[in-house]
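K.L.:
Pasting in a structure now, in structure tokens, and then I'll have a few things to ask.
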Amino acid sequence: MSPTVAGSCAPPAAVLCGLAGRVPSRVVTNEQLARRLDTDDAWIRTRTGIRQRHVIDPGQATSDLAVEAGRRALASAAVDSVDAVVVATTTPDHTCPATAPAVAARLGLAGAAAFDVGAVCTGFVYGLASAAGLIAAGVAERVLFIGADTYSTIVDPLDRANAIIFGDGAGAVVLRAGHSDEPGAVGYFDLGSDGGQEDLIMVAAGGSRQRSRPGEPGRAERHFAMRGKEVYRHAVTRMAESARATLSRAGWKIDDVDHFVPHQANLRILHSVADDLGLPRERCATHVESVGNTGAASIPLALADAAESQVLKPGDRLLLTAFGGGLTWGSCLLTWPTLPRPERTMP
Ligand code: UT7
């Protein structure tokens, strides 16, 4: 492993060289949800922009999607070995151990460093920063980084406020050591958190806190809970602030951004953030309509979707921004590289 960049004293930058996404084959439409919940297609579309989502079948787990997305990303980068595998997820296969080592082993990458990143829906931006840090520190020359979530495994299927929002999926990127001025270099991060608001998005049981209480946790405490209205408000404010902080760090103006690729929480949130930033809505990448909110997978799935439909052109300047439980938020900038056209993320 020799992660220094020839002819440069600067630490190596992480350069995007592979991209892929995968969602499960099973589709759940708004109409299907309306048959078992007190809701309807018009409400869901108007409040969230979502038309359908994809969910895993019983017996499938997060790592199954992560492996499929990872395999495709490695093929897209034309590499068969990496020094580290990082998985951002809120829905690991098990509480212990992390999901990344199993994903690495199933991809024939056993022996590589492997660990999970937990930053809920901001997981992709936090994980990208972690992977870029491994490269900058000389720990790894190549990293496979996967955002994968199966919220269908933690959301109460009878909770109409949350069951309509989330979908399952995985998106993966391969990063290699390179120069900060070459296309594909990720940089200028902004990351933040506010743990004082952790109860806004939470699975109460299953961790060490809940186990310290007597008795078995109730059914509700095992499920994902979110105070949607408050989260909505924080999401718009924090995403806009984080986007501005990152642009200012890089010396970019809002007009320099060709594509805003936000975490796909809810179409209204994405449009509100774009409006707040003074960014035309047509520059905002959205695919929440067909896959819902896929947590840590949503930004790489949106990238794969936009790359597959050739919306992203080499040299385009991208602003990635996310918000999620924790609370956490983050942004980063990226100039689009030349990549092979990704396979369709939909089966
Ligand atoms: O990814 C991590 C971050 N997560 C997010 O960013 C999600 C943020 N929050 C949201 O996306 C939205 O708050 C929701 C989509 C969750 C909810 O939309 P809302 O416009 O904030 O609705 P609301 O919670 O204010 O509810 C309005 C009404 C309520 O009825 P009442 O009290 O006015 O009679 C709800 O009970 O809509 C009701 N409602 C529903 N009605 C039909 C809530 N869920 C549904 C539903 N179908 N599925």
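The values are calculated or read from the model by the stated rules, or taken from the named source; none is laboratory data. A quick note: this is a predicted structure, and the numbers were derived from the prediction, not measured. Note: ideal-geometry Cβ built from the backbone for every residue, glycine included; neighbour counts use all protein chains shown. Remember, those area values only see protein heavy atoms, side chains included, never the ligands or the DNA or RNA. Shrake-Rupley method; radii C 1.70, N 1.55, O 1.52, S 1.80 Å.
K.L.:
Can you go through A42, A75 and tell me which one is more than 16 Å from the ligand (Cβ to nearest atom) and among the aliphatic types (A, V, I, L, M)?
P.N.:
A75
K.L.:
Can I ask one more? I'd like the residue in segment 272-298 that is over 16 Å from A322 (Cβ atoms) and under 20 Å from the mean Cα position of the chain (by Cα) and, out of all such residues, is farthest from the ligand (Cβ to nearest atom).
P.N.:
The residue in question is R283.
K.L.:
Kindly provide the set of residues from segment 22-39 that are away from the ligand (no atom under 11 Å from the Cβ), touching a Lys or Arg at 6+ places or on another chain (Cβ under 9 Å) and part of a loop (DSSP other than H, G, I, E, B), ordered by number.
P.N.:
V23
K.L.:
Another question about this same structure. Looking only at strands (runs of 3 or more DSSP E) that fall completely inside segment 101-184, which ones have 1 or more residues that are surrounded by fewer than 23 Cβ atoms within 10 Å (Cβ to Cβ)?
P.N.:
Hits in segment 101-184: 113-117, 168-178.
K.L.:
Given the options R26, R22, name the one that is open to solvent by 10 Å² or more (accessible area, probe 1.4 Å), among the basic types (K, R) and over 18 Å from A172 (Cα atoms).
P.N.:
R26
K.L.:
Just the residues that are touching a helix residue (DSSP H, G or I) at 6+ places or on another chain (Cβ under 6 Å) and acidic (D, E), please, taken from segment 259-313.
P.N.:
D276
K.L.:
Something else about it: Looking for something in the same structural domain as F224 (by TED's automatic domain parsing), out of contact with any helix residue (DSSP H, G or I) (no Cβ under 7 Å at 6 or more places or on another chain) and away from the ligand (no atom under 16 Å from the Cβ) - is there at least one such residue anywhere in segment 317-326?
P.N.:
Looking for residues that are in the same structural domain as F224 (by TED's automatic domain parsing), out of contact with any helix residue (DSSP H, G or I) (no Cβ under 7 Å at 6 or more places or on another chain) and away from the ligand (no atom under 16 Å from the Cβ), one finds at least one in segment 317-326, hence yes.
K.L.:
Please specify each residue of segment 236-283 satisfying the condition of being acidic (D, E) and either loosely packed, with under 15 Cβ neighbours inside 10 Å or part of a helix (DSSP H, G or I) (or both).
P.N.:
Once the filter is applied, which keeps residues that are acidic (D, E) and either loosely packed, with under 15 Cβ neighbours inside 10 Å or part of a helix (DSSP H, G or I) (or both), segment 236-283 yields E241, D255, D256, D275, D276, E282.
K.L.:
Separate question: Output the number of residues of segment 56-78 satisfying the condition of being outside any helix (DSSP H, G or I) and under 18 Å from G292 (Cβ atoms).
P.N.:
Result for segment 56-78: 3.
K.L.:
Right, another one. What is the one condition in (1) open to solvent by 80 Å² or more (accessible area, probe 1.4 Å); (2) at pLDDT below 95 that Q210 does not satisfy?
P.N.:
(1)
K.L.:
Taking D83, is it charged (D, E, K, R) and more than 29 Å from F224 (Cα to Cα)?
P.N.:
Answer is yes for this residue.
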